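Before any comments, here is the structure.
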Amino acid sequence: MSEQRIRALALCIFHHHGKILVNQFYDAIKKQTFFRPVGGGIEFGERSHDAIVREVQEELGTSISDLRLIGTLESIFTYAGKPGHEIVQVYDARFDDAELYAKPWLEGFESDGASFRATWCSSDSFTAISPLVPEGLYDLLKSASLLE
């Protein structure tokens, strides 16, 4: 059994015309779809803003700039039947390549090599049945005027 621990995570919000870029996940045990922005774990000795630059480069193969910390969230959840606990640094940033905003989705790769498709979604894409995670992110983005 793996040791339970709190994970430090950095997520990045890319927004364009009232939409944000998110990955779609599915929890087969809960039979629930949910959405989460691009990002990942903060490595030991790494600052969260450096982690998000690295994660976006690794996952999407692109560079970003104008990083701005918009908030910190604490997330306690269950995914695939396993408990999780994360402290999440949430950043706003922009892609250096403006052409990425015109694409309906961006192809990416997880650290294990699995591919994913990040898509632009508006606020009405997120519901109680298909939420934006982590908990509190939707309200944080609304208060920062990053989601309509």
Would you mind putting 58-66, 73-81, 132-140 in packing order, based on average other-beta-carbon counts within 10 Å, highest first? 132-140, 58-66, 73-81
When the helices in the chain are scored as -39500 (n - 2.57) per DSSP H run of 4 or longer and the sum is shared across all residues, what 222 nm value do you end up with, to the nearest 500 deg cm²/dmol? -4000 deg cm²/dmol
Number of Lys pairs in the stretch 1-112 with C-alpha atoms less than 29 angstrom apart, excluding same-chain neighbours closer than eight positions? 5
Which label marks the calculated value of Kirkwood radius over Cα pairs in Å, given the options (i) 19.0; (ii) 17.9; (iii) 15.7? (iii)
Dipole magnitude of the stretch 7-143 about its Cα centre (Cβ charges: Lys, Arg +1; Asp, Glu -1), debye to nearest 20: 440 debye
Expressed in angstrom and rounded, the centroid-to-centroid distance over alpha carbons for the stretch 102-148 and the stretch 74-92 is 15 Å
With viscosity set to 0.692 mPa s and temperature to 37 °C, compute the Stokes-Einstein D of the stretch 1-74, Rh being the Kirkwood radius across alpha carbon pairs; µm²/s, no decimals. 234 µm²/s
Could you sort 16-28, 82-94, 98-110 so that the peptide with the highest average Cβ count within 10 Å comes first and the rest follow in order? 82-94, 16-28, 98-110
Just want to confirm a number: the relative contact order over the stretch 1-73, from Cα pairs under 8 angstrom separated by 6+ residues, in percent. 25 percent
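Bear in mind that the values in this text are calculations on the coordinates, not laboratory data. Note that this is a predicted model, so its numbers are computed, not measured. When we count neighbours, we look across all protein chains shown, and the Cβ atoms used for this are built from the backbone with ideal geometry, even at glycine.
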